[in-house]
Amino acid sequence: MSRVRVGAIGAGWWATSNHFPLLADRDDVELVGVCGLGPQLGDVRDRFGFGLATESIDELLDSGLDAVLVTTPHDLHFDVATRALERGLHVLCEKPMTLRADQAWSLVEATKRAGTHLLVPYGWNYKPFTIEAKRMLDEGLVGDIQFAVCTMASPTRGLFGGDPTHMLERWSSETKPELSTWADPRHGGGYAHGQVTHSSALFFWLTGLRAATVAGRVVNAGSAVDLFDAAVVRFDGGALGALSGAATLADGDKYQIDIRIFGSEGVLMIDTERERVSLSRYDGQRVDVAIAPGEGDYECLVPPVRFIELITGASTQNNSTAEIAARSVELIEGLLRSSAADGTEVRVHD
């Protein structure tokens, strides 16, 4: 395949800030068309070199594509991705992949039937230091996982509280985040869907675990959506864990993900803010991974490129598959269900 014919459904803040510029610069990509709403769609088409601008999803999906980017609001991902997979297209679907667990696992099965690639662009899953951490886990250097802690914090008070000014400045964006996506509970707004999706997908990719039950609480702290999340998780196989998130770091602070994995043979610590991966085994072995300064900062440069490489055959490594994303979705859904039930422990899957 000389050039991958790509379409995009959704032309908002993140697509125009990250995905479109990356793909427009690639010789192996043809940007066939973009689908969205509003008078700015023609400007998006012209700025990035799309051949077509349309408000019709079907018109775009039927325009001879190989692949499609799904960057719509969260609650539309499932319908759009399903329609693309039914046409045999490769799909890059923004996170959270869906808002409901049954929809997430439906996309897992639809991807298998289509025989195509589905990638959810979780940037931290493609960092050299997290790849090294996964290698150590896969080699069994911590033994059987018995307990884990996964916490995340972000400077996203404005994004979830109704003022996206900081996001515009941080990502040098000309397009404002839609508050109906990020700060409206009816469309999946809130920290769990907006940020815990990152940390939990990284955790599930690293460990291979799957949540069995969750008892959780969320706090809005005056916002229309959750700003703080906390959960106790039991995983298939018997491991216990704690997962939490906070939206209220000060603007300009570094994003934080801190994962600590306690196993039968040792402990692995991963910290994006302090840029640390450290293994301490009970037999005395110590490993500290060398990490380049700044590598822990969040960016999403690799996933859109990896999506194209999967399609062309230049790579076979998908670190954020539909199944990994589905494990994140079902955990977050369970957390929110548990919080709505006054913290009662709920089953995540049958």
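Taking Cβ atoms as reference points and 9 Å as the exclusive limit, the residues near V142 contribute a net charge of -1, counting Lys and Arg as +1 and Asp and Glu as -1. Calculated FRET efficiency, I131 to A340, Cβ-Cβ distance, R0 = 45 Å: about 0.75 to the nearest 0.05. Compactness of the chain is given as radius of gyration and Dmax, 19.7, 64 Å, from Cα positions. Each Lys or Arg adds one and each Asp or Glu subtracts one; over the other residues with Cβ under 13 Å from the Cβ of A231, this totals -2. Computed over every Cα-Cα pair of segment 1-73 and binned at 5 Å starting from 0, the pair-distance distribution P(r) comes out as 3, 18, 33, 28, 14, 3, 0 percent. The DSSP beta bridges internal to the chain are antiparallel in roughly 60% of cases. Note on the chain: dipole from Cβ charges, positive end direction compared against V267, P39, G296; the farthest Cα belongs to V267. For segment 4-123, dividing the convex hull volume of the Cα atoms by the residue count gives 95 Å³ per residue. Nearest 10 degrees, 0 to 90: what angle lies between the long axis of helix 197-207 and the longest principal axis of the chain (Cα atoms)? For helix 197-207, the angle is close to 60 degrees.
Using only side-chain charges placed at the Cβ, +1 for Lys and Arg and -1 for Asp and Glu, the dipole size of the chain relative to its Cα centre rounds to 420 debye. The fewest-to-most ranking of D251, D342 by surrounding Cβ atoms within 10 Å reads D342, D251.
Taken along the Cα-to-beta-carbon direction at a fixed 7 Å, the label points for E139 and V287 span 0.4 nm.
Each label was represented as a point 7 Å from its Cα along the Cα-to-Cβ direction; for D163 and D102 these points are 4.1 nm apart. Residues of segment 154-197 with an amide N closer than 11 Å to a point placed 7 Å from the Cα of A242 along the Cα-to-Cβ direction: none.
Sorting H77, H198 by the number of Cβ atoms found within 10 Å of their own Cβ, with the fewest placed first, yields H198, H77. Among 252-259, 323-330, sorting by the average number of other beta carbon atoms lying within 10 angstrom of each residue, highest first, gives 323-330, 252-259. Between E295 and D58, the contour length at 0.36 nm per residue exceeds the alpha carbon distance by 81.3 nm. Packing, taken as the mean count of other beta carbons within 10 Å per residue, orders the peptides 185-195, 127-137, 36-46, 224-234 from highest to lowest as 185-195, 224-234, 127-137, 36-46. Rounded to the nearest whole angstrom, the semi-axes of the ellipsoid equivalent to segment 193-350, taken from the Cα gyration tensor as √(5λ), stand at 26, 21, 19, largest first.
For segment 4-123, the Cβ-based charge dipole about the Cα centre amounts to some 280 debye (Lys, Arg positive; Asp, Glu negative; other atoms uncharged).
Cα convex hull, segment 229-278: 73 Å³ per residue, rounded to a whole number. Relative to the dominant Cα principal axis of the chain, helix 128-138 is inclined by about 50°.
Taken over the chain, lysine pairs spaced eight or more positions apart, or on distinct chains, with alpha carbons under 23 Å apart number 8.
With the simple spin-label model, which puts each label point 7 Å out from Cα in the Cβ direction, the D350 to R186 separation comes to 3.2 nm.
Readers should treat all values here as calculations from the given coordinates under stated rules, not as data from a laboratory. Just so you know, these numbers come straight off a predicted model, no measurement behind them. Every residue, glycine as well, gets a Cβ built from its backbone with ideal geometry; the counts of neighbours run over all protein chains shown.
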